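To start, the structure under review is shown below, and the notes come after it.
The values are calculated or read from the model by the stated rules, or taken from the named source; none is laboratory data. All of these numbers come straight from a predicted model, not from anything done at the bench. Note that we place each Cβ from the backbone using ideal geometry, even for glycine, and neighbour counts take in every protein chain shown.
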Amino acid sequence: MSSSARLYQEAAANVAHAADAIGMDPKVRAILAQPKNELIVNFPVQRDTGEYEVLHGYRIQHNNVLGPFKGGLRFHPAVDLNEVRALATWMTFKCALVHLPYGGAKGGVAIDPSTYSQHELERIVRRFTHSLGANIGPEHDIPAPDVGTNAQMMGWMMDTYLNSSGTDDRQNVRRVVTGKPVELGGSLGRDSATGKGAAYALRHLYGEYDRTLDGESVAIQGFGNVGSHGALALADLGMRVVAVSDITGTVHADTGLDVRALMAHAREHGGVAGFPNADTLTTEEFFALDVDVLMPAALENQITPDNVDTVRAKVILEAANGPVTAEAAATLDAGGVDVIPDILANAGGVIVSYYEWVQNKTSDQWSEADVDQRLRDTIWNAADRVVARRARDGGTRRHAAYVEACALLQRVYELRGIFP
Ligand code: NAD
(Lines give C-alpha, C1' and ligand atoms only; values in the text may rest on other atoms or scores of the structure.)
Protein backbone atom coordinates (compact mmCIF):
# COMPACT_ATOMS: atom_id res chain seq x y z
CA MET A 1 0.00 0.00 0.00
CA SER A 2 1.32 3.48 -0.84
CA SER A 3 2.10 5.83 2.07
CA SER A 4 -0.70 8.20 0.98
CA ALA A 5 -3.23 5.33 0.86
CA ARG A 6 -2.15 4.38 4.40
CA LEU A 7 -2.51 8.02 5.46
CA TYR A 8 -6.08 8.16 4.18
CA GLN A 9 -6.87 4.83 5.81
CA GLU A 10 -5.55 6.18 9.13
CA ALA A 11 -7.62 9.38 8.78
CA ALA A 12 -10.73 7.23 8.22
CA ALA A 13 -9.81 4.97 11.17
CA ASN A 14 -9.63 7.94 13.58
CA VAL A 15 -13.12 8.95 12.51
CA ALA A 16 -14.49 5.39 12.74
CA HIS A 17 -13.06 4.94 16.23
CA ALA A 18 -14.67 8.21 17.43
CA ALA A 19 -17.94 7.32 15.66
CA ASP A 20 -18.00 4.02 17.60
CA ALA A 21 -17.46 5.90 20.86
CA ILE A 22 -20.57 8.07 20.40
CA GLY A 23 -22.67 5.35 18.76
CA MET A 24 -22.97 7.52 15.64
CA ASP A 25 -26.09 7.18 13.51
CA PRO A 26 -25.13 4.75 10.68
CA LYS A 27 -26.41 7.22 8.00
CA VAL A 28 -24.15 9.99 9.26
CA ARG A 29 -21.26 7.59 9.60
CA ALA A 30 -21.73 6.44 6.01
CA ILE A 31 -21.78 10.06 4.77
CA LEU A 32 -18.60 10.99 6.67
CA ALA A 33 -16.77 7.84 5.55
CA GLN A 34 -15.72 9.37 2.22
CA PRO A 35 -15.52 12.80 0.57
CA LYS A 36 -18.62 14.34 -0.93
CA ASN A 37 -16.93 15.52 -4.13
CA GLU A 38 -13.61 14.62 -5.76
CA LEU A 39 -12.28 16.72 -8.62
CA ILE A 40 -9.18 15.98 -10.72
CA VAL A 41 -8.08 18.56 -13.29
CA ASN A 42 -5.31 18.07 -15.85
CA PHE A 43 -4.32 21.43 -17.24
CA PRO A 44 -1.62 22.74 -19.60
CA VAL A 45 0.90 25.38 -18.54
CA GLN A 46 3.53 27.09 -20.66
CA ARG A 47 7.10 26.97 -19.33
CA ASP A 48 9.44 29.95 -19.82
CA THR A 49 11.12 27.93 -22.61
CA GLY A 50 7.85 28.02 -24.61
CA GLU A 51 7.22 24.28 -24.06
CA TYR A 52 3.90 23.12 -22.60
CA GLU A 53 3.52 20.80 -19.64
CA VAL A 54 0.28 19.15 -18.47
CA LEU A 55 -0.07 19.30 -14.67
CA HIS A 56 -2.34 17.29 -12.39
CA GLY A 57 -4.42 19.17 -9.82
CA TYR A 58 -6.92 18.02 -7.19
CA ARG A 59 -9.71 19.50 -5.11
CA ILE A 60 -11.41 17.20 -2.64
CA GLN A 61 -14.52 18.46 -0.82
CA HIS A 62 -15.06 16.17 2.14
CA ASN A 63 -18.10 17.64 3.88
CA ASN A 64 -20.08 20.90 4.10
CA VAL A 65 -22.79 20.28 6.67
CA LEU A 66 -21.39 23.03 8.94
CA GLY A 67 -20.73 25.59 6.19
CA PRO A 68 -18.74 26.15 2.98
CA PHE A 69 -15.93 23.72 2.15
CA LYS A 70 -12.61 25.11 3.46
CA GLY A 71 -9.01 23.98 3.12
CA GLY A 72 -5.55 24.73 1.80
CA LEU A 73 -3.84 24.13 -1.52
CA ARG A 74 -0.55 22.25 -1.54
CA PHE A 75 2.16 22.37 -4.22
CA HIS A 76 4.40 19.36 -3.61
CA PRO A 77 5.63 16.46 -5.78
CA ALA A 78 4.00 13.87 -3.44
CA VAL A 79 0.48 15.32 -3.85
CA ASP A 80 -1.94 12.62 -4.99
CA LEU A 81 -5.60 11.74 -4.60
CA ASN A 82 -5.23 9.83 -1.32
CA GLU A 83 -3.04 12.46 0.33
CA VAL A 84 -5.56 15.18 -0.53
CA ARG A 85 -8.46 12.97 0.63
CA ALA A 86 -6.77 12.51 4.02
CA LEU A 87 -6.05 16.24 4.35
CA ALA A 88 -9.65 17.14 3.36
CA THR A 89 -11.05 14.67 5.92
CA TRP A 90 -8.95 16.23 8.69
CA MET A 91 -10.28 19.69 7.75
CA THR A 92 -13.89 18.62 8.39
CA PHE A 93 -13.04 17.45 11.92
CA LYS A 94 -10.71 20.40 12.61
CA CYS A 95 -13.40 22.97 11.75
CA ALA A 96 -15.98 21.04 13.81
CA LEU A 97 -13.64 20.78 16.80
CA VAL A 98 -12.97 24.54 16.93
CA HIS A 99 -16.63 25.38 16.14
CA LEU A 100 -16.12 27.17 12.82
CA PRO A 101 -19.06 27.37 10.38
CA TYR A 102 -16.99 25.57 7.73
CA GLY A 103 -16.74 22.14 6.18
CA GLY A 104 -13.55 20.40 5.06
CA ALA A 105 -11.68 20.42 1.75
CA LYS A 106 -8.13 20.34 0.43
CA GLY A 107 -6.42 20.67 -2.91
CA GLY A 108 -3.07 20.49 -4.54
CA VAL A 109 -0.91 20.24 -7.61
CA ALA A 110 1.76 17.56 -7.96
CA ILE A 111 4.77 19.82 -8.61
CA ASP A 112 7.98 20.89 -6.89
CA PRO A 113 7.46 24.68 -6.85
CA SER A 114 11.19 25.33 -6.37
CA THR A 115 11.79 24.15 -9.96
CA TYR A 116 9.48 26.81 -11.50
CA SER A 117 10.11 30.54 -12.02
CA GLN A 118 7.77 33.14 -10.46
CA HIS A 119 6.17 33.73 -13.89
CA GLU A 120 5.59 30.01 -14.33
CA LEU A 121 4.09 29.72 -10.83
CA GLU A 122 1.75 32.59 -11.59
CA ARG A 123 0.58 30.84 -14.78
CA ILE A 124 0.11 27.57 -12.85
CA VAL A 125 -1.98 29.25 -10.14
CA ARG A 126 -4.12 31.14 -12.66
CA ARG A 127 -4.69 28.16 -14.92
CA PHE A 128 -5.48 25.86 -11.96
CA THR A 129 -7.97 28.44 -10.62
CA HIS A 130 -9.60 28.65 -14.03
CA SER A 131 -9.80 24.86 -14.25
CA LEU A 132 -11.52 24.69 -10.85
CA GLY A 133 -14.08 27.18 -12.20
CA ALA A 134 -17.35 27.28 -10.25
CA ASN A 135 -16.20 24.40 -8.04
CA ILE A 136 -14.74 27.05 -5.72
CA GLY A 137 -16.57 30.18 -4.56
CA PRO A 138 -16.88 32.60 -1.62
CA GLU A 139 -19.88 30.77 -0.14
CA HIS A 140 -19.09 27.35 -1.58
CA ASP A 141 -15.39 26.36 -1.28
CA ILE A 142 -12.63 28.65 -0.05
CA PRO A 143 -8.95 27.69 -0.60
CA ALA A 144 -5.96 28.98 1.44
CA PRO A 145 -2.18 28.44 1.50
CA ASP A 146 -0.52 25.18 2.60
CA VAL A 147 2.86 23.55 1.91
CA GLY A 148 4.53 25.12 -1.13
CA THR A 149 1.95 27.90 -1.59
CA ASN A 150 1.88 31.41 -0.09
CA ALA A 151 0.02 34.72 0.20
CA GLN A 152 1.20 35.93 -3.24
CA MET A 153 -0.29 32.83 -4.87
CA MET A 154 -3.59 33.42 -3.05
CA GLY A 155 -3.49 36.96 -4.50
CA TRP A 156 -3.17 35.56 -8.05
CA MET A 157 -5.95 33.11 -7.33
CA MET A 158 -8.24 35.86 -6.06
CA ASP A 159 -7.44 38.06 -9.06
CA THR A 160 -8.18 35.24 -11.54
CA TYR A 161 -11.49 34.43 -9.83
CA LEU A 162 -12.47 38.13 -9.69
CA ASN A 163 -11.73 38.57 -13.39
CA SER A 164 -13.96 35.61 -14.23
CA SER A 165 -16.85 37.01 -12.15
CA GLY A 166 -19.58 39.41 -13.25
CA THR A 167 -18.81 43.11 -12.70
CA ASP A 168 -21.52 43.48 -10.04
CA ASP A 169 -19.93 40.80 -7.90
CA ARG A 170 -16.30 41.55 -8.49
CA GLN A 171 -15.53 43.47 -5.30
CA ASN A 172 -17.72 41.14 -3.31
CA VAL A 173 -15.89 37.88 -3.91
CA ARG A 174 -12.42 38.59 -2.53
CA ARG A 175 -13.20 36.12 0.22
CA VAL A 176 -13.05 33.25 -2.33
CA VAL A 177 -9.56 32.66 -0.91
CA THR A 178 -8.00 33.41 2.48
CA GLY A 179 -4.36 33.85 3.44
CA LYS A 180 -4.12 36.74 0.94
CA PRO A 181 -1.65 39.61 1.31
CA VAL A 182 -3.04 42.21 3.75
CA GLU A 183 -3.17 44.81 0.93
CA LEU A 184 -5.63 42.54 -0.95
CA GLY A 185 -7.96 42.02 2.00
CA GLY A 186 -5.89 39.52 3.98
CA SER A 187 -6.20 39.56 7.76
CA LEU A 188 -3.55 40.94 10.03
CA GLY A 189 -2.08 37.99 11.92
CA ARG A 190 -2.96 35.34 9.28
CA ASP A 191 0.66 34.58 8.37
CA SER A 192 1.59 33.80 11.98
CA ALA A 193 -1.76 32.22 12.94
CA THR A 194 -0.96 28.51 12.62
CA GLY A 195 2.33 28.77 14.50
CA LYS A 196 0.80 30.97 17.20
CA GLY A 197 -2.21 28.68 17.53
CA ALA A 198 0.16 25.74 18.11
CA ALA A 199 1.93 27.77 20.82
CA TYR A 200 -1.43 28.51 22.51
CA ALA A 201 -2.39 24.82 22.42
CA LEU A 202 0.93 23.96 24.11
CA ARG A 203 0.47 26.69 26.72
CA HIS A 204 -2.96 25.28 27.53
CA LEU A 205 -1.45 21.82 28.06
CA TYR A 206 1.24 23.24 30.35
CA GLY A 207 -1.53 24.99 32.28
CA GLU A 208 -3.08 21.55 32.80
CA TYR A 209 0.29 20.35 34.16
CA ASP A 210 0.36 23.51 36.32
CA ARG A 211 3.71 24.43 34.76
CA THR A 212 4.97 27.31 32.63
CA LEU A 213 6.81 27.14 29.32
CA ASP A 214 9.63 29.30 30.64
CA GLY A 215 13.02 27.70 29.90
CA GLU A 216 11.48 24.50 28.45
CA SER A 217 13.28 23.16 25.37
CA VAL A 218 11.69 22.56 21.97
CA ALA A 219 12.97 21.07 18.69
CA ILE A 220 11.11 22.05 15.54
CA GLN A 221 10.98 20.17 12.23
CA GLY A 222 10.12 22.49 9.32
CA PHE A 223 10.86 26.20 9.15
CA GLY A 224 8.29 27.41 6.62
CA ASN A 225 5.15 29.32 7.54
CA VAL A 226 4.15 27.14 10.49
CA GLY A 227 7.58 26.20 11.84
CA SER A 228 9.11 29.68 11.74
CA HIS A 229 6.12 31.51 13.24
CA GLY A 230 5.68 28.69 15.76
CA ALA A 231 9.34 29.01 16.77
CA LEU A 232 8.92 32.75 17.24
CA ALA A 233 5.75 32.39 19.31
CA LEU A 234 7.31 29.71 21.53
CA ALA A 235 10.50 31.74 22.02
CA ASP A 236 8.35 34.77 22.91
CA LEU A 237 6.64 32.59 25.54
CA GLY A 238 10.08 31.90 27.06
CA MET A 239 10.96 28.54 25.49
CA ARG A 240 14.46 27.56 24.33
CA VAL A 241 14.33 26.62 20.65
CA VAL A 242 17.30 24.22 20.70
CA ALA A 243 17.02 22.72 17.20
CA VAL A 244 15.38 23.50 13.88
CA SER A 245 15.43 21.29 10.81
CA ASP A 246 14.25 21.95 7.27
CA ILE A 247 14.90 20.54 3.81
CA THR A 248 18.42 22.09 3.82
CA GLY A 249 19.57 20.53 7.14
CA THR A 250 19.38 20.81 10.95
CA VAL A 251 20.86 23.47 13.23
CA HIS A 252 21.24 22.97 16.97
CA ALA A 253 22.37 24.97 20.02
CA ASP A 254 21.64 23.76 23.57
CA THR A 255 21.49 27.31 24.90
CA GLY A 256 18.78 28.19 22.34
CA LEU A 257 18.82 29.56 18.77
CA ASP A 258 18.10 33.23 18.06
CA VAL A 259 14.83 32.67 16.14
CA ARG A 260 14.61 36.13 14.56
CA ALA A 261 18.19 35.86 13.28
CA LEU A 262 17.44 32.33 12.01
CA MET A 263 14.38 33.61 10.13
CA ALA A 264 16.49 36.32 8.46
CA HIS A 265 19.16 33.72 7.60
CA ALA A 266 16.57 31.29 6.13
CA ARG A 267 15.06 34.11 4.02
CA GLU A 268 18.45 35.08 2.66
CA HIS A 269 19.89 31.58 2.12
CA GLY A 270 16.75 29.57 1.32
CA GLY A 271 16.95 27.48 4.51
CA VAL A 272 18.46 27.05 7.95
CA ALA A 273 21.70 25.33 6.84
CA GLY A 274 24.83 27.38 7.46
CA PHE A 275 23.38 29.37 10.37
CA PRO A 276 26.37 30.63 12.39
CA ASN A 277 26.99 29.69 16.05
CA ALA A 278 25.12 26.40 15.79
CA ASP A 279 26.14 22.79 15.27
CA THR A 280 24.50 20.42 12.82
CA LEU A 281 22.65 17.15 13.41
CA THR A 282 21.52 14.22 11.28
CA THR A 283 17.78 13.57 10.98
CA GLU A 284 18.14 10.59 13.34
CA GLU A 285 19.92 12.75 15.94
CA PHE A 286 17.26 15.45 15.60
CA PHE A 287 14.37 13.09 16.44
CA ALA A 288 16.34 11.56 19.34
CA LEU A 289 17.03 14.91 21.06
CA ASP A 290 16.37 14.97 24.80
CA VAL A 291 13.90 17.88 24.69
CA ASP A 292 10.71 18.74 26.54
CA VAL A 293 8.73 19.31 23.34
CA LEU A 294 9.11 18.09 19.76
CA MET A 295 7.13 20.09 17.21
CA PRO A 296 6.88 18.49 13.74
CA ALA A 297 5.86 21.33 11.40
CA ALA A 298 6.82 19.95 7.97
CA LEU A 299 4.93 17.02 6.46
CA GLU A 300 3.00 13.86 7.36
CA ASN A 301 4.52 10.48 8.36
CA GLN A 302 7.61 11.81 10.15
CA ILE A 303 7.36 9.86 13.42
CA THR A 304 6.81 6.26 12.41
CA PRO A 305 7.47 2.76 13.83
CA ASP A 306 11.00 3.13 12.36
CA ASN A 307 12.06 6.01 14.61
CA VAL A 308 9.48 6.27 17.41
CA ASP A 309 11.58 4.27 19.86
CA THR A 310 14.33 6.90 19.63
CA VAL A 311 12.03 9.83 20.54
CA ARG A 312 12.83 11.23 24.01
CA ALA A 313 10.55 14.30 24.01
CA LYS A 314 7.81 14.38 26.66
CA VAL A 315 5.29 16.21 24.48
CA ILE A 316 4.68 16.07 20.71
CA LEU A 317 3.00 19.19 19.32
CA GLU A 318 1.57 18.17 15.93
CA ALA A 319 1.82 21.48 14.07
CA ALA A 320 1.96 19.65 10.72
CA ASN A 321 -0.96 17.55 9.49
CA GLY A 322 -0.51 13.84 10.23
CA PRO A 323 3.17 13.88 11.30
CA VAL A 324 2.76 10.88 13.67
CA THR A 325 1.48 7.60 12.22
CA ALA A 326 -1.22 5.70 14.12
CA GLU A 327 1.19 2.93 15.12
CA ALA A 328 3.79 5.41 16.37
CA ALA A 329 1.08 7.33 18.27
CA ALA A 330 0.12 4.13 20.12
CA THR A 331 3.77 3.60 21.13
CA LEU A 332 4.07 7.20 22.34
CA ASP A 333 0.85 6.90 24.31
CA ALA A 334 2.04 3.67 25.97
CA GLY A 335 5.28 5.46 26.91
CA GLY A 336 3.40 8.35 28.55
CA VAL A 337 4.24 10.90 25.83
CA ASP A 338 1.50 13.50 25.46
CA VAL A 339 0.54 14.18 21.82
CA ILE A 340 -1.38 17.39 21.06
CA PRO A 341 -3.29 16.30 17.94
CA ASP A 342 -3.01 18.15 14.65
CA ILE A 343 -6.71 18.99 14.41
CA LEU A 344 -6.25 21.12 17.54
CA ALA A 345 -2.56 22.09 17.35
CA ASN A 346 -2.66 23.56 13.83
CA ALA A 347 -6.24 24.88 13.77
CA GLY A 348 -4.96 28.47 14.14
CA GLY A 349 -4.58 28.81 10.37
CA VAL A 350 -8.19 28.04 9.52
CA ILE A 351 -9.43 30.03 12.53
CA VAL A 352 -7.78 33.24 11.28
CA SER A 353 -8.78 32.36 7.70
CA TYR A 354 -12.34 32.46 9.01
CA TYR A 355 -11.65 35.90 10.56
CA GLU A 356 -10.33 37.08 7.18
CA TRP A 357 -13.49 35.81 5.47
CA VAL A 358 -15.70 37.60 8.02
CA GLN A 359 -13.70 40.84 7.63
CA ASN A 360 -14.07 40.62 3.83
CA LYS A 361 -17.82 40.03 4.16
CA THR A 362 -18.19 43.14 6.33
CA SER A 363 -15.49 45.28 4.59
CA ASP A 364 -13.80 45.64 7.95
CA GLN A 365 -10.25 45.30 9.24
CA TRP A 366 -9.54 44.06 12.75
CA SER A 367 -6.37 44.96 14.66
CA GLU A 368 -3.68 42.32 15.08
CA ALA A 369 -4.25 42.37 18.85
CA ASP A 370 -7.95 41.68 18.32
CA VAL A 371 -7.21 38.78 15.94
CA ASP A 372 -4.66 37.39 18.37
CA GLN A 373 -6.96 37.46 21.36
CA ARG A 374 -9.83 35.81 19.45
CA LEU A 375 -7.41 33.16 18.16
CA ARG A 376 -6.15 32.37 21.65
CA ASP A 377 -9.66 32.17 23.10
CA THR A 378 -10.87 29.90 20.28
CA ILE A 379 -7.93 27.48 20.66
CA TRP A 380 -8.27 27.46 24.46
CA ASN A 381 -12.03 26.84 24.32
CA ALA A 382 -11.48 23.89 21.98
CA ALA A 383 -8.65 22.60 24.21
CA ASP A 384 -11.00 22.88 27.23
CA ARG A 385 -13.57 20.75 25.39
CA VAL A 386 -10.92 18.10 24.63
CA VAL A 387 -9.80 18.04 28.29
CA ALA A 388 -13.39 17.75 29.52
CA ARG A 389 -14.22 14.96 27.07
CA ARG A 390 -11.08 13.09 28.08
CA ALA A 391 -11.88 13.47 31.77
CA ARG A 392 -15.28 11.94 31.09
CA ASP A 393 -14.47 9.21 28.55
CA GLY A 394 -10.69 8.61 28.86
CA GLY A 395 -8.50 7.80 25.83
CA THR A 396 -5.91 9.92 24.07
CA ARG A 397 -6.20 13.63 23.30
CA ARG A 398 -6.53 12.74 19.62
CA HIS A 399 -9.44 10.41 20.29
CA ALA A 400 -11.17 12.98 22.55
CA ALA A 401 -10.75 15.66 19.84
CA TYR A 402 -12.34 13.40 17.20
CA VAL A 403 -15.17 12.43 19.55
CA GLU A 404 -15.94 16.12 20.20
CA ALA A 405 -15.97 16.86 16.47
CA CYS A 406 -18.08 13.78 15.66
CA ALA A 407 -20.62 14.67 18.36
CA LEU A 408 -21.16 18.13 16.81
CA LEU A 409 -21.42 16.77 13.25
CA GLN A 410 -23.89 14.10 14.36
CA ARG A 411 -26.03 16.71 16.17
CA VAL A 412 -26.09 19.01 13.14
CA TYR A 413 -27.18 16.15 10.85
CA GLU A 414 -29.85 15.24 13.40
CA LEU A 415 -31.18 18.82 13.41
CA ARG A 416 -30.98 19.37 9.66
CA GLY A 417 -32.08 15.92 8.56
CA ILE A 418 -30.86 14.41 5.30
CA PHE A 419 -32.18 15.85 2.05
CA PRO A 420 -34.64 15.09 0.47
P1 NAD B 1 5.82 25.50 4.09
O2 NAD B 1 5.91 25.04 2.68
O3 NAD B 1 5.76 26.95 4.39
O4 NAD B 1 7.04 24.88 4.93
C5 NAD B 1 7.37 23.53 4.95
C6 NAD B 1 8.70 23.37 5.69
O7 NAD B 1 9.00 21.99 5.88
C8 NAD B 1 9.90 23.98 4.94
O9 NAD B 1 10.74 24.62 5.87
C10 NAD B 1 10.60 22.73 4.37
O11 NAD B 1 12.00 22.94 4.18
C12 NAD B 1 10.35 21.76 5.49
N13 NAD B 1 10.49 20.35 5.11
C14 NAD B 1 9.95 19.70 4.04
N15 NAD B 1 10.35 18.42 4.04
C16 NAD B 1 11.14 18.26 5.13
C17 NAD B 1 11.86 17.17 5.69
N18 NAD B 1 11.81 15.96 5.13
N19 NAD B 1 12.56 17.37 6.82
C20 NAD B 1 12.62 18.59 7.41
N21 NAD B 1 11.96 19.66 6.94
C22 NAD B 1 11.24 19.49 5.82
O23 NAD B 1 4.54 24.72 4.70
P24 NAD B 1 3.66 25.17 5.95
O25 NAD B 1 2.55 25.99 5.45
O26 NAD B 1 4.55 25.66 7.02
O27 NAD B 1 3.01 23.76 6.37
C28 NAD B 1 3.69 22.83 7.22
C29 NAD B 1 2.69 21.82 7.77
O30 NAD B 1 1.66 22.51 8.49
C31 NAD B 1 1.93 20.98 6.73
O32 NAD B 1 1.66 19.71 7.28
C33 NAD B 1 0.64 21.75 6.52
O34 NAD B 1 -0.40 20.95 6.01
C35 NAD B 1 0.38 22.17 7.95
N36 NAD B 1 -0.53 23.32 8.09
C37 NAD B 1 -0.26 24.52 7.51
C38 NAD B 1 -1.10 25.60 7.70
C39 NAD B 1 -0.82 26.98 7.14
O40 NAD B 1 -1.54 27.92 7.54
N41 NAD B 1 0.17 27.17 6.33
C42 NAD B 1 -2.28 25.43 8.46
C43 NAD B 1 -2.53 24.20 9.06
C44 NAD B 1 -1.64 23.16 8.86
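Overview of values
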quantity	calculated
Scan of the range 283-318 for residues that are of a type outside the set (A, V, I, L, M, F, W, C), within 23 Å of His76 (Cβ to Cβ) and over 19 Å from the mean Cα position of the chain (by Cα), ordered by number	Thr283, Thr304, Asp306, Asn307
Test set (1) touching a Phe, Trp or Tyr at 6+ places or on another chain (Cβ under 6 Å); (2) buried (at least 18 other Cβ atoms within 10 Å of the Cβ) - Asn307 fails condition number	(2)
Hits in the range 149-165 (condition: among the hydroxyl-bearing types (Ser, Thr, Tyr) and either part of a helix (DSSP H, G or I) or crowded, with 24+ Cβ neighbours inside 10 Å (or both))	Thr149, Thr160, Tyr161
Pair list, Cβ under 9 Å, 6 or more apart: the range 295-317 residue closer than 16 Å to Thr282 by Cα and free of Cβ contacts under 8 Å to residues at least 24 places away in the same chain, other residue within 14 Å of the ligand (Cβ to nearest atom) and of a type in the set (Asp, Glu)	Asn307/Glu284
Which listed residue is within 22 Å of the chain's Cα centre (by Cα) and touching a residue at least 24 places away in the same chain (Cβ under 8 Å), from Val358, Val403	Val403
Matching residues, the range 139-179, being farther than 21 Å from Gly222 by Cβ and among the charged types (D, E, K, R)	Glu139, Asp141, Asp159, Asp168, Asp169, Arg170, Arg174, Arg175
Qualifying helices (runs of 4 or more DSSP H) (wholly inside the range 166-271; at least 3 residues being closer than 22 Å to Ser367 by Cα and hydrophobic (A, V, I, L, M, F, W, C))	193-209, 225-236
Test: Phe287 is closer than 18 Å to Asp338 by Cβ, within 11 Å of the ligand (Cβ to nearest atom), among the hydrophobic types (A, V, I, L, M, F, W, C) and in contact with a helix residue (DSSP H, G or I) (Cβ under 7 Å, 6 or more places away or on another chain)	yes
Residue identified as in contact (Cβ under 8 Å) with a residue 60 or more places away in the chain and either assigned to a helix (DSSP H, G or I) or at positive phi (or both) among Arg74, Arg85	Arg85
Meets criteria (away from the ligand (no atom under 14 Å from the Cβ), among the small types (Gly, Ala, Ser), over 21 Å from Asn150 (Cα atoms) and at pLDDT 95 or above) for Gly249	no
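Residues checked against (1) without any contact (Cβ under 8 Å) to a residue 24 or more places away in the chain; (2) aliphatic (A, V, I, L, M); (3) within 13 Å of Phe286 (Cβ to Cβ):
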position: Thr212; (1), (2), (3): no, no, no
position: Asn225; (1), (2), (3): no, no, no
position: Asp246; (1), (2), (3): no, no, yes
position: Met263; (1), (2), (3): no, yes, no
